[in-house]
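Structure record follows, encoded as structure tokens.
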Amino acid sequence: MHGRIFRSGYTTSLLPMVRESIISDGDNLQQDAPEGSASQFSADDAQFDEELRPQLLADVVGQHKVVERLQIMLDATRKRSEPLGHLLLDGPPGLGKTTFATVLPRELGVECQITSGPVLKAPKDLLPYLTNAGFGSVLFIDEIHRMPPAVEEFIYPAMEDFRVDITLGEGLNARTINMALQPFTVIGATTRSGMLTAPLRDRFVNRLHLDFYDASELTQIVARNARKLRATINDDAAHEIAKRSRGTPRKANNFLRWTRDYATARKEGHIDSAVVQQAFQMLDVDGIGLEAQDRRYLQALVQIFTGGPAGIQAISHSLDIPPDTLEDEIEPFLLKCGFIQRTPRGRMVTAKALDHLQMAVPTKENQQPRLF
Ligand SMILES: Nc1ncnc2c1ncn2[C@@H]1O[C@H](COP(=O)(O)OP(=O)(O)O)[C@@H](O)[C@H]1O
Ligand SMILES: [Mg+2]
């Protein structure tokens, strides 16, 4: 039974596919980045992500609960020689969804195909992936919440009973052919599990949530990746980078790359705390990792909406940043810091944020006079 699992395909077939997905990741980044946002890293992020991506579960730092559950799932899968149960990974960008999704097939020695929700415009786009899926192989669907409803309905029987219903012809001549598939695993990744329909969510037997990393875990990631990049960095400097990385490994890696460039160009190449301080000053990132657009968000909430509550659409219009970007990239960290609150009536700024920004909510007296 075990022998039927496709073992040798990994190196030949996964790597180009991984690359393909990463490149599309990069495209999304650029496409989503609003004008004037701090997107100074989008140029070759994709390549960099791949270079530093952990290859095996043992290389992964932090997320202990997630790793423990995955280890159990992997052990059980190996012992039973069955495909892994369908798995949904959710969490903000840059926390390791793609990393875990590509580590798992590598651990199991099975083939992995990669695609993403927005690319699958119609069932016919998904069909080749399903028919190509070998026994026990993994189909990774990134941004699965952006899969259109028709594709979603098409994938239900594939996930549940390993079959697809294909309609041939039209009108009176239409016939439905039922095609059997090999048992396989769907790994879905999403930044918005709330946007998944209940039937799709229910088809994932395993659901794992990735949370922000703490500073010591990010310090470990920075120190390890500095070695991979053959940069020298001391512990304090690694910690200084970690502290400003908003709990996000992708940020930590990007900041490491920037400080490494800075150190090479302006200093002798060694990264110490002084180099980190100077390098960050140029990026306009403060001591806890707030970037220009986070501060703009908070300032708008304070000054335009007198502290809130303000609806996401209204904030989006004021800042000229799409609501999706606000919800995916800006708000999760502000919520985690306790700088904003989400209430049924909208977002509100907290006293902690006012304290950090050294701002006060305008009172009636010092507000702009109203015209009407
Ligand atoms: N647990 C982890 N340990 C070490 N590095 C990580 C971890 N999670 C993510 N990374 C790093 O962060 C980068 C971005 O992670 P990725 O999996 O692409 O995030 P996501 O798919 O959630 O946006 C990866 O290239 C990798 O180098
Ligand atoms: Mg990803």
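Just so it is clear, none of the values below were taken in a lab; they were calculated from the coordinates. Quantities reported herein were computed from a predicted structural model and do not represent experimental measurements. Cβ sites come from the backbone with ideal geometry, for glycine too, and all protein chains shown count toward neighbours.
For the range 122-138 versus the range 322-345, the inter-centroid distance based on Cα atoms is 36 Å.
Once the Cα-Cα distance is subtracted from the 0.36 nm per residue extended length, the Thr131 to Leu56 segment shows a gain of 24.3 nm. Summing charges over all other residues whose Cβ lies under 13 Å from the Cβ of Pro157, with Lys and Arg as +1 and Asp and Glu as -1, gives -3. Cα centroid separation, the range 66-97 to the range 256-308: 35 Å. One quarter of the convex hull surface built on the alpha carbon atoms of the range 153-242 amounts to 10.3 nm², the projected area averaged over directions.
For the range 259-330, the Stokes-Einstein estimate of translational diffusion at 20 °C and a viscosity of 1.002 mPa s comes to 151 µm²/s, using the Kirkwood hydrodynamic radius over alpha-carbon pairs.
The distance between label points at Thr232 and His270 comes to 0.5 nm (points 7 Å beyond Cα on the Cα→Cβ vector).
Among Ile321, Ile312, sorting on how many other beta-carbon atoms sit within 10 Å of each Cβ, with the fewest leading, yields Ile312, Ile321. Neighbour counting of Cβ atoms within 10 Å sorts the residues Thr264, Thr363, fewest neighbours leading, into Thr363, Thr264. Given an 8 Å cut-off on Cα distances and at least 6 residues of separation, report the relative contact order of the chain as a percent. Here the relative contact order equals 16 percent. For the chain, lysine pairs separated by 8 or more sequence positions, or belonging to different chains, with Cα-Cα distances below 20 Å total 10.
Taking label positions 7 Å along the Cα-Cβ direction at both Met348 and Asp328, the computed distance is 3.0 nm, reported to one decimal. Its Kirkwood hydrodynamic radius, worked out from the mean inverse distance over all distinct Cα pairs, puts the range 292-357 at 11.4 Å. Relative to its Kirkwood radius, the Cα radius of gyration of the range 164-314 gives an Rg/Rh of 1.22. For the range 218-283, the convex hull spanned by the alpha carbon atoms encloses 66 Å³ per residue. Here each label is just a point 7 Å from Cα along the line to Cβ, and for His64 and Asp284 those points are 3.9 nm apart.
When both bridge partners sit in the chain, DSSP labels roughly 40% of those beta bridges antiparallel.
From least to most packed, judged by other beta carbons within 10 angstrom and beginning with the fewest, Lys251, Lys124 follow the order Lys124, Lys251. Rg over Rh for the chain works out to 1.02, using Cα positions for both radii and the Kirkwood form for Rh.
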